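I have placed the structure first, in the form of structure tokens, so that the comments after it can refer back to it.
The values are calculated or read from the model by the stated rules, or taken from the named source; none is laboratory data. Only a predicted model underlies this, so the values are computations on that prediction, with no experimental measurement involved. We place every Cβ from the backbone using ideal geometry, glycine too, and count neighbours over all the protein chains shown.
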Amino acid sequence: MKFLPQDVRRATLDDLPQLMEMWRLEKLPVEVLKERFTEFQLVADPEGRVVGAVGMQISGVHGRLHSELFPRYEFADELRPLLWERHKKVAQNHGVVRVWTQLSAPFWQSGDFHDASGEELAILPPNFAGQPGPWTTAQLREQIAAIDSLEKELAMFREMERAKTEQIFRRARAVKITAVIGSLILLGWVGWWLVVFFLKNRGGLGQ
């Protein structure tokens, strides 16, 4: 069976019963993970059976891969790269600059990942409560670059909001001017008819 990148997707409620069963088999904290099931990216076969899944917890600009699941382990080597590429896209979309993991498979020890140095471990988020053991990490981009990118996005957002506000004010001014002109026309029309009415009545009284 061959899997493609488009076969990887985020877990949904329909997948939760299968995930919970796999968490139980792996002796993972089911009650905790079921509240965070959307952290999981997975691959299912044509019958909808989950064949591989990995979760990623996000904290600020850091992500943590956890809870690797392969009920059909023969697909593990094929699916890990696909799941990682999907998680990288998710991480980048959330502004994550570094991903951590304690997953022990060789795939998570090489490629984009390397053993975390003491300097790197100093910035490990405290809420990434892993098991005792070494960490590997993958830096997706420089944090300064990420901050610059975020600031640029915020600046673009502010500019868009400013343009929208100016457009609203322009429309409001146009509506106000139109209303004033309409009122003046109406007043002129009413005044003209009052003059005509007055002149007609005065002529009638003179007779």
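In segment 97-124, the residues that are at negative phi and touching a residue at least 40 places away in the same chain (Cβ under 8 Å) form Cβ pairs under 9 Å with partners that are aromatic (Phe, Trp, Tyr) and part of a strand (DSSP E or B), at six or more places apart or across chains, as follows: 124/100. Of the candidates 35, 47, the single residue that is surrounded by fewer than 13 Cβ atoms within 10 Å (Cβ to Cβ) and under 16 Å from residue 75 (Cβ atoms) is 47. Where residues in segment 1-23 are surrounded by 15 or more Cβ atoms within 10 Å (Cβ to Cβ) and outside any helix (DSSP H, G or I), which of them is nearest to the chain's Cα centre (by Cα)? Going through the qualifying residues, I end up with 11. Quick check on segment 24-42. Is at least one of its residues assigned to a helix (DSSP H, G or I), over 30 Å from residue 119 (Cα atoms), among the hydroxyl-bearing types (Ser, Thr, Tyr) and modelled with pLDDT of 95 or more? Yes, segment 24-42 has at least one match. Inspection of segment 137-149 finds a residue satisfying the criterion of being in contact with a Lys or Arg (Cβ under 9 Å, 6 or more places away or on another chain), under 30 Å from residue 64 (Cβ atoms) and at pLDDT below 80. Within segment 51-67, one or more residues are out of contact with any Cys (no Cβ under 9 Å at 6 or more places or on another chain), closer than 20 Å to residue 103 by Cα and either assigned to a helix (DSSP H, G or I) or among the basic types (Lys, Arg) (or both). Pairs only if they're at least six apart or on different chains, beta carbon under 6 angstrom, first in segment 28-43 and touching a residue at least 24 places away in the same chain (Cβ under 8 Å), second in a loop (DSSP other than H, G, I, E, B) and surrounded by 13 or more Cβ atoms within 10 Å (Cβ to Cβ); list them, first residue then second. Once the first residue is touching a residue at least 24 places away in the same chain (Cβ under 8 Å) and sits in segment 28-43, its partners that are in a loop (DSSP other than H, G, I, E, B) and surrounded by 13 or more Cβ atoms within 10 Å (Cβ to Cβ) give 37/11; 40/11; 42/11; 43/3.
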